[in-house]
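This report concerns only the one structure given below.
The values are calculated or read from the model by the stated rules, or taken from the named source; none is laboratory data. Small disclaimer: the values here were computed from a predicted structure and weren't measured. Every residue, glycine as well, gets a Cβ built from its backbone with ideal geometry; the counts of neighbours run over all protein chains shown. Accessible surface is based on the protein model in full, side chains and every heavy atom, while ligands, DNA and RNA are left aside. Shrake-Rupley method; radii C 1.70, N 1.55, O 1.52, S 1.80 Å.
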Amino acid sequence: MLTTQEIEFLDTYGYLNLGQLLTGDEVKQVNDRIAELMWSEGENAGAELAESKYIRHPKEEGADRLADLVNKGPIFDVFYTHPRVLAGIEAVLDQEYKLSSLNYRAAKPGKGLQKLHVDWKNTVVNGTYKVCNSIWLFDDFTEYNGSTRIVPKSHKLSSLPDDVMADPLDKHPDEIRIIAPAGSVFIFNSHVWHGGTMNQTEQVRRSIHSYFCSREQPQQIDQKKYITKETSQRIGKKGRHILDV
């Protein structure tokens with residue numbers, strides 16, 4: 001599902017634009033469902049994140065969060081089963097991977113800035129990557145609304161942002177922005193330096209992250225703990241394998 005050129009780009013630069021995998025109608029349907037969940041969960045939105053010992057920042061002042069979307073409707077199944085996304089994950093993690101978490105993040109107006117970071121505790125040893133993310137855009141990502149920044153090729157470095165930058169909140173001279181229309185999906189090797197930027201608009205900037213890890217690693221959200229009978233039956237054998245349930 002990926003061309004040789006796409007796989008080479010992902011390996012070299014640490015990210016890949018998969019294009020618009022969702023139509024405008026599909027984007028609206030997901031945004032409507034997200035709004036329902038934000039309203040119904042209220043102050044408890046994203047509570048599953050706080051229950052995990054594998055998420056460093058479960059509560060983020062500058063962003064709205066939702067978690068465990070796997071069990072919050074069939075509309076979210078595509079985020080961890082789309083063939084092009086899985087091909088990108090496999091290009092980074094090989095065949096032995098599983099979904100770690102499926103979460104929603106929306107940078108609030110005037111907030112959302114994150115320091116440059118990686119989603120692993122240290123640098124990569126011998127090019128054996130442990131984590132890989134996909135970010136699904138539910139608003140147009142622009143220069144002004146908190147779009148994600150990435151430092152290309154940084155997944156191959158032997159240092160981390162905290163080690164070499166005076167302030168990882170600062171702009172890196174080599175960073176690029178994910179600028180693309182709603183419905184687009186980006187894969188990025190989670191060992192690449194990345195982070196959210198400041199949302200300078202008056203609207204939230206919405207995204208969903210389907211985050212994967214190598215098979216032997218603990219999941220951010222313990223899928224066995226939360227899986228419902230309805231979800232298990234709906235997603236079939238392949239879906240259960242991806243969730244490791």
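Of all chymotrypsin sites (Phe, Trp or Tyr not before Pro) in region 124-160, which ones are in loop regions per DSSP and have a Cβ with at most 15 other Cβ atoms within 10 Å? Kindly include the intermediate steps, with their values, before the conclusion.
Working: sites: Tyr129, Trp136, Phe138, Phe141, Tyr144; in loops: Tyr129, Phe138, Tyr144.
When the chymotrypsin sites (Phe, Trp or Tyr not before Pro) of region 124-160 are filtered for loop state and at most 15 Cβ neighbours within 10 Å, Tyr144 remain.
Per the 1.4 Å probe, what fraction of the accessible area of region 89-187, in percent, lies on carbon and sulfur atoms? Write out the running numbers ahead of the final one.
On the way: 2030 of 4290 Å².
On region 89-187, the fraction of accessible area on carbon and sulfur atoms equals 47 percent.
Over region 85-234, what is the relative contact order in percent, taking alpha-carbon pairs closer than 8 angstrom and at least six residues apart?
On the way: 321 pairs, mean separation 65.1, N = 150.
After rounding, I find 43 percent.
Under 16 Å Cα to Cα from Lys72, which lysines show up? Leave out anything in the same chain fewer than 8 places away.
Qualifying lysines at Cα under 16 Å: Lys224, Lys225, Lys229.
Are there any GluC sites (Glu not before Pro) in region 1-85 that are in a DSSP loop and have at most 13 other Cβ atoms within 10 Å? List them by number. Could you put the intermediate results ahead of the total?
Details: sites: Glu6, Glu8, Glu26, Glu36, Glu41, Glu43, Glu48, Glu51, Glu60, Glu61; in loops: Glu51, Glu60, Glu61.
Passing both the DSSP loop test and the Cβ count: Glu61.
Amide H to amide H, which residues 5 or more places from Ser100 or on other chains are under 5 Å from it, using H placed in the peptide plane?
The answer is Tyr211, Phe212, Cys213.
At 25 °C and 0.890 mPa s, grab the translational diffusion coefficient of region 167-217 from Stokes-Einstein with a Kirkwood Rh over Cα pairs, rounded to a whole number in µm² per second. Mind showing how you got there, number by number?
On the way: Rh = 13.9 Å.
Roughly 177 µm²/s, to the nearest whole number.
Return one quarter of the surface area of the convex hull spanned by the alpha-carbon atoms of the chain, equal to its mean projected area, in nm².
On the way: hull surface 50.4 nm².
Result: a mean projected hull area of 12.6 nm².
Using amide H atoms built in the peptide plane, which far-off residues or other-chain residues are under 5 Å from Asp139 H to H?
Gly183, Arg206
Based on the Kirkwood radius over alpha-carbon pairs, what value in µm²/s does the Stokes-Einstein equation return for the translational diffusion coefficient of region 62-201 at 37 °C and 0.692 mPa s?
206
Considering only protein heavy atoms, what per residue accessible area in square angstrom results for the chain with a 1.4 angstrom probe? Intermediate results must be reported in sequence, preceding the final value.
Details: 11770 Å² over 245 residues.
Value returned for the chain: 48 Å² of accessible area per residue.
Would you list which lysines come within 27 Å of Lys171, measuring only between C-alpha atoms, while excluding same-chain residues fewer than 8 positions from it?
List returned: Lys59, Lys108, Lys111, Lys115, Lys121, Lys130, Lys153, Lys156.
Taking the alpha-carbon distance from Lys98 and a cut-off under 17 Å, which aspartates and glutamates remain once sequence neighbours fewer than 8 residues away in the same chain are dropped?
Asp68, Asp77, Glu90, Asp119, Glu216, Asp222, Asp244
Report the local net charge at Glu90: Lys and Arg +1, Asp and Glu -1, summed over other residues whose C-beta lies under 15 Å from its C-beta.
Values: positive: Arg84, Lys98, Lys130, Arg215, Lys238; negative: Glu6, Glu8, Asp11, Asp94, Glu96.
Neighbourhood net charge equals 0.
Eigenvalues of the Cα gyration tensor times 5, then square-rooted: what semi-axes does that give for region 32-99, in whole angstrom, largest first?
26, 17, 10
In whole Hz and in residue order, list the ³J(HN,Hα) couplings for region 152-157 that follow from phi through the Karplus curve 6.51 cos²θ - 1.76 cosθ + 1.60, θ = phi - 60°; x for Gly and Pro.
x, 6, 6, 5, 9, 7
Under 20 Å from the 7 Å Cα→Cβ point of Ser159, by amide nitrogen: which residues of region 115-141?
Counting only backbone N, you get 115-127.
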